[in-house]
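The values are calculated or read from the model by the stated rules, or taken from the named source; none is laboratory data. This is a predicted model, so every value here is computed, not measured. Cβ coordinates were reconstructed from backbone atoms using ideal geometry, including for glycine residues, and neighbour counts include every protein chain displayed. With ligands, DNA and RNA removed, areas are computed over all heavy atoms of the protein, side chains included. Shrake-Rupley method; radii C 1.70, N 1.55, O 1.52, S 1.80 Å.
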2 protein chains.
Amino acid sequence: MKYFSKADIEKENRIKRLNIINAISGIKPGNLIGTKSKKNGSNLAVFSSVVHLGSSPALLGFILRPTGNVLRNTYSNILETGKYTINHIHISMIEKAHYTSAKFDESISEFKMCGLTESYLHSFEAPFVEESVIKMGMNYIDTIPIPVNGTKMVIGEIQHLILPNESISEEGYVDLSLSNSIGVGGLNNYYELNKTVEFPFARPSNIPDFN
Amino acid sequence: MKYFSKADIEKENRIKRLNIINAISGIKPGNLIGTKSKKNGSNLAVFSSVVHLGSSPALLGFILRPTGNVLRNTYSNILETGKYTINHIHISMIEKAHYTSAKFDESISEFKMCGLTESYLHSFEAPFVEESVIKMGMNYIDTIPIPVNGTKMVIGEIQHLILPNESISEEGYVDLSLSNSIGVGGLNNYYELNKTVEFPFARPSNIPDFN
């Protein structure tokens, strides 16, 4: 086994540390966040930090780094309009999605540079990604500062949710392998998902005898 | 395509809404959080909300629901000791990990009930899961309240990191399919991960011509 103490992590070179620590929390969801500003047009950026916060109301958060042009465009557009979209990355569009993270000039749309199609649905102000089959229109709710390292959690409520009929069962189970949704490892590794098993809600009364 | 507005989501029955909204952010990491209290012994609980916050210092967060015995044990133990462990769920232990979410009596250890092995390493106070090959000892740093729905983000710094030699490359890339780490969909669906592709750091100068 390989072992790193806190001190070992701190003395690693910066790039290797970034690779390790970004990967070690496990698989991450791959999403594209779409926004639009009056001045600079549309913006699209890849995020692997979207996290479920609650179902009633239906809230998702994502983590905003303290620096980076792309992230700042996303956030300033959200503050300006109060709207953004979250679009799943699928197997067929991994490469295009990955390159939205390049730091383009503010006046350049990542949609155009990366060959993805802006789409406007349900009179919603923020652009959806046409190529994504699972996508959400989000109303901005709140920003929670995370003082220890200057990051922020941006919180929104689901206003519109679109997904393929065949991805969702009668009980509301969403099969992420049927939609070819992908996972992200670290900063630049991508994984296909194969659903292997599902279990009932766990109760002391239905637990198998593991001993 | 299937479409849900905010109003459609709100009027769904509770269980179906939970299933849909828990799944729709995409794939989630599957981790077991291990803690110990002086009074009630060890505790182990499955979490699918671990999120990367930063690499220097190496910080991870996870989301704590406002209710639930298992979660409250985890959190009260973290506050009592300042220590916890994050252990990857691997393919061979999905069922055992899933059932740690049953609401056992406080005096019962999920390690024992679910057939997982408590292990103490590097003189760290919190219990690791012996069956997990990727695991971290965490120092508790901060709790961030999320006022909109009463959840909290619990933040810790990596003090110890253990992973298999073959899972990590010279550059620090961690291959989550080599460690058989799994992903979680919704509340009870589990996915195997197959690494398919990696791309270099994205810059405007190395972007392929997508148009």
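Overview of results
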{"item": "For chain A: Kirkwood Rh in Å [reciprocal of mean 1/r, alpha carbons]", "result": "18.7 Å"}
{"item": "Label 7 Å beyond Cα on the Cβ vector: B:P145 copy-to-copy distances, nm", "result": "1.6"}
{"item": "Cross-link partners of A:K28 among lysines (Cα-Cα below 19 Å; sequence separation of 8 or more within a chain)", "result": "A:K16, A:K96, A:K135, A:K152, A:K195, B:K28, B:K135, B:K195"}
{"item": "For segment B:80-86, 3J(HN,Hα) per residue [Karplus equation, 6.51 cos²θ - 1.76 cosθ + 1.60, θ = phi - 60°, Hz, x = Gly/Pro]", "result": "5, 10, x, 9, 7, 10, 10"}
{"item": "For segment A:5-54 and segment A:76-102, distance of Cα centres in Å", "result": "13 Å"}
{"item": "Normalised contact order of segment B:20-98, rounded percent, pairs of Cα under 8 Å and 6 or more residues apart", "result": "36 percent"}
{"item": "Separation in nanometres of the label points that stand 7 Å from Cα toward Cβ, at A:N211 and A:Y3", "result": "3.0 nm"}
{"item": "Percent of alpha-carbon pairs separated by more than 17 Å within segment B:143-191", "result": "64 percent"}
{"item": "Whole-angstrom gap from segment B:111-166 to segment A:104-177, using each part's C-alpha centre", "result": "30 Å"}
{"item": "D (Stokes-Einstein, µm²/s), Kirkwood Cα radius, segment A:69-164, 0.692 mPa s at 37 °C", "result": "228 µm²/s"}
{"item": "Number of partner chain Cβ atoms within 10 Å, mean per residue of B:88-98", "result": "3"}
{"item": "Hits among aspartates and glutamates - C-alpha to C-alpha of A:K83 under 16 Å, sequence gap 8 or more where chains match", "result": "A:E118, A:E125, A:D142, A:E157"}
{"item": "Most fluctuating residue given options B:N40, B:N165, B:N31, as computed from a GNM of chain B linking Cα atoms under 10 Å", "result": "B:N165"}
{"item": "Per residue convex hull volume, Cα atoms of the protein assembly as shown, in Å³", "result": "129 Å³"}
{"item": "Per residue accessible area in Å² of segment B:55-211, where ligands, DNA and RNA are left out and the probe is 1.4 Å", "result": "39 Å²"}
{"item": "A:T143 paired with B:N194, simple spin-label distance in nm, labels 7 Å along Cα-to-beta-carbon", "result": "4.2 nm"}
{"item": "Listing of segment A:36-57 residues, each with accessible area lower by at least 10 Å² in the full protein assembly than in the chain alone (probe 1.4 Å)", "result": "A:S49, A:V50, A:V51, A:H52, A:L53, A:G54, A:S55, A:S56, A:P57"}
{"item": "B/A buried area, accessible surface, summed, 1.4 Å probe, Å²", "result": "9700 Å²"}
